[in-house]
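What follows is a short report on a single structure.
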Amino acid sequence: MADGKGDAAATTGAGAEAPVGAGAGDGTETESMARGHSPASPAPVASGLRPCLWQLETELREQEVSEVSSLNYCRSFCQTLLQYASNKNASEHIVYLLEVYRLAIRSFASARPYLTTECEDVLLVLGRLVLSCFELLLSVSESELPCEAWVLFLQSLQESHDALLEFGNNNLQILVHVTKEGVWKNPVLLKILSQQPVETEEVNKLIAQEGPFFLQMRIKHLLKSNCIPQATALSKLCAESKEISNVSSFQQAYITCLCSILPNEDAIKEGIDSLLE
């Protein structure tokens, strides 16, 4: 559908900076293991990113809403974000990357009235932005971040979500939910990771809430962080779920886990056979 410049005021809130609310509490031992590492010392704020994104939006506003202008904006937006997100040592500075994604999400929401979804890159870029941000959040411990940085991120995220909803885009809903609840603080998820009994209905609710892509990212993060028992438990439940249409990636993850923890080939084969029954 074509989107007009119509209610541009819907996104003005995405540019606000005043912090509201409060940061999340301390994490549990299970959460700490799942995150894999603690944030390094804060890096300098990505101050150069803000004017770059503003320049892109200014140029977009000066054009008619079209597939061409939307495509050009999306390509320039991705190039700019990649430049700052892949900055030297950026991966070591969680605070820096959090600010990069905060500014990027806010900027995209602000530019949304001037983009059309007739250009498929608009929703594609938004979806990838959400996935990349979620991947970062898996490693973030709110209690170890500067409170003002986390509060500002939460505020910008909520305001950007509200702005995008004006155009029927609820892509940020999952980020809003997990950051309010705590990225690793979902009660059902914690029960799974600590290998406690969990009801099928609880698992189904978690799957419906997060979806396969985000659960896959959790498992990959757990494997990368060498949390093999936790990754095994989560991948097995997902692989056995009837709520997921394609479970092949979860089956593969579970097999990878079995190969890491079981003593011999016979035990691994027995584990695989039980999964496929």
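Keeping all protein chains in position, work out how much accessible area E199 exposes to a 1.4 Å probe, and write it in Å² to the nearest 10.
Per-residue accessible area (E199): approximately 130 Å².
How do S245, S86, S235 stack up against each other in accessible area, from largest to smallest, with a 1.4 angstrom probe?
Working: S245 130, S86 80, S235 0 Å².
Largest accessible area first, the residues go S245, S86, S235.
Let me make sure I get this right: for segment 132-201, a, b and c are the square roots of the gyration tensor eigenvalues over alpha carbons, sorted descending. Under 1.5 in a/c it's rounded, otherwise prolate if a/b > b/c, else oblate. Which is it?
Because a/c hits 1.5 or more and a/b fails to exceed b/c, segment 132-201 counts as oblate.
Sorting F213, F108 by accessible area (1.4 Å probe), largest first, what list results?
Working: F213 145, F108 0 Å².
So, going from the largest accessible area down, we get F213, F108.
What does the C-alpha gyration tensor say about the overall shape of segment 118-277? Classify as rounded when a/c is under 1.5, otherwise prolate if a/b is larger than b/c, or oblate. Could you put the intermediate results ahead of the total?
Values: a/c = 2.24, a/b = 1.73, b/c = 1.30.
In terms of gyration-tensor shape, prolate.
Could you estimate the translational diffusion coefficient of segment 77-178 from the Stokes-Einstein equation, with Rh from the Kirkwood formula over C-alpha pairs, at 4 °C and 1.567 mPa s, in whole µm²/s?
Values: Rh = 14.0 Å.
Taking Rh from Cα pairs, D becomes 92 µm²/s.
Need one value: the accessible area of D121 in square angstrom, 1.4 angstrom probe, rounded to the nearest 10.
Ignoring ligands and nucleic acids, D121 comes out at about 40 Å².
With a 1.4 Å probe and all protein chains kept in place, how much accessible area does H161 have, in Å² rounded to the nearest 10?
Here the accessible area works out near 10 Å².
In terms of modelled amide H atoms, which long-range or inter-chain residues lie less than 5 Å from the amide H of S225?
Here the answer is none, since no amide H 5 or more places off falls under 5 Å of that of S225.
Would you kindly state how much longer the chain becomes between N246 and Q195 on full extension, computed as 0.36 nm times their sequence separation minus their alpha carbon distance, in nm to one decimal? Can you show the working numbers first?
On the way: separation 51, 0.36 × 51 = 18.36 nm, distance 2.38 nm.
Roughly 16.0 nm would be gained on extension.
Could you let me know the centre-to-centre spacing of segment 162-188 and segment 80-146, using Cα atoms, in angstrom?
What the calculation gives is 14 Å, centre to centre.
Take E64, E59, E135 and sort them by solvent-accessible surface of the protein heavy atoms, 1.4 Å probe, largest at the top.
On the way: E64 150, E59 80, E135 115 Å².
The ordering from most to least exposed comes out as E64, E135, E59.
The values are calculated or read from the model by the stated rules, or taken from the named source; none is laboratory data. Owing to the predicted nature of the structure, the values given are computational and were not obtained by experimental measurement. In case anyone asks, the SASA skips ligands and DNA or RNA and just uses the protein heavy atoms, side chains included. Shrake-Rupley method; radii C 1.70, N 1.55, O 1.52, S 1.80 Å.
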